[in-house]
Amino acid sequence: SDGTVKYRIDLPGGGTVESVFMVQRERVTLCISSQVGCALACDFCLTGKMGLARHLTPGEIVGQVTLIQDDRGLGATPFNLVFMGMGEPLHNYDGVLGAFRILTDPEGIGLSKRRITVSTSGLVPEIERLAREPSRPRLAVSLNATTDAVRDRIMPVNRRWPIGKLLAACRSYAKTTGEPFTLEYVLLEGVNDSDADVSRLEKILRANPAKLNLIPFNAVPGWLDYRPPSRERIV
């Protein structure tokens, strides 16, 4: 049946991370962390408020997967894996790619590389580096705004690599690898959900070999001031 289970995992090397096990219409997905905390400071993200404590090692990343596999009794059940937990995966590039190689090794976990996705806030040099890898996970980019003014405010990384540079890197990635990418868009009421945003987002999608993943914001009352749009507005 459909459901979500969150895991808080205390790491031998210090710190705690959160991983998630999700089942949607028999599709199993594991969402795992790459860092304790995060240095990117996205304004709508609780992890970003923590700052960066440290990067995870490849073993600590793979350990999240094996722990959930064992706990949920997955056995040979196929599952998808997303680096979308705590941390910016491409900020811990070597740790994440090291884990990816173990996860996809037939003598390791044996996952198909097509079942693994890295979600990044938009570190352009690392996206370019990822495109040159002989074997790589799928790429998803957290866009979350259609103008630099808004993205600067909610995602400080945009001040270094604005939307134009980010999308150019993504198009180059797609051309180099022959693989499309995903644009993730967290919907924030009154911030990035206007009719003008819809129009600009449509133009972005027409100009890029990408699919769109719309994600209603998960409200955190008392901690973050953002809210998701109404259900009527989302649909």
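Some points to look at:
- Distance between the pseudo-spin-label points of ASP148 and GLU189 (7 Å out from Cα toward the beta carbon): 3.1 nm.
- Rounded to the nearest 20 debye, the dipole magnitude of the stretch 39-160 is 300 debye, with +1 charges on Lys and Arg beta carbons, -1 on Asp and Glu beta carbons, and the Cα centre as origin.
- Taking all protein chains into account, the per residue accessible area for the chain stands at 50 Å² (1.4 Å probe).
- Of the residues LEU224, GLY190, LEU214, the one whose Cα sits farthest towards the positive end of the charge dipole of the stretch 189-233 is LEU214 (charges of +1 on Lys and Arg Cβ, -1 on Asp and Glu Cβ, taken about the Cα centre).
- Long-range tail of P(r) for the chain (Cα pairs > 34 Å, %): 12 percent
- For the chain, the dipole from Cβ point charges (+1 on Lys and Arg, -1 on Asp and Glu) about the Cα centre works out to 580 debye, to the nearest 20.
- Packing rank of 159-168, 118-127, where each peptide gets the mean count of other beta carbons within 10 Å, highest leading: 118-127, 159-168
- Using a probe radius of 1.4 angstrom, the carbon and sulfur fraction of the accessible surface of the stretch 55-175 is 49%.
- Residue pairs exceeding 23 angstrom between C-alpha atoms, taken from LYS175/LYS211; LYS49/LYS203; LYS6/LYS49; LYS165/LYS203; LYS113/LYS175: LYS49/LYS203.
- Distance between the 7 Å Cα→Cβ label points at ALA168 and GLU232: 4.3 nm.
The values are calculated or read from the model by the stated rules, or taken from the named source; none is laboratory data. Keep in mind that this is a model prediction, so the values were computed, not measured. Heads up, the Cβs are rebuilt from the backbone with ideal geometry, glycines too, and the neighbour counts pull from every protein chain shown. Side chains are part of the model used for accessible areas, which takes the heavy atoms of the whole protein and leaves out ligands, DNA and RNA. Shrake-Rupley method; radii C 1.70, N 1.55, O 1.52, S 1.80 Å.
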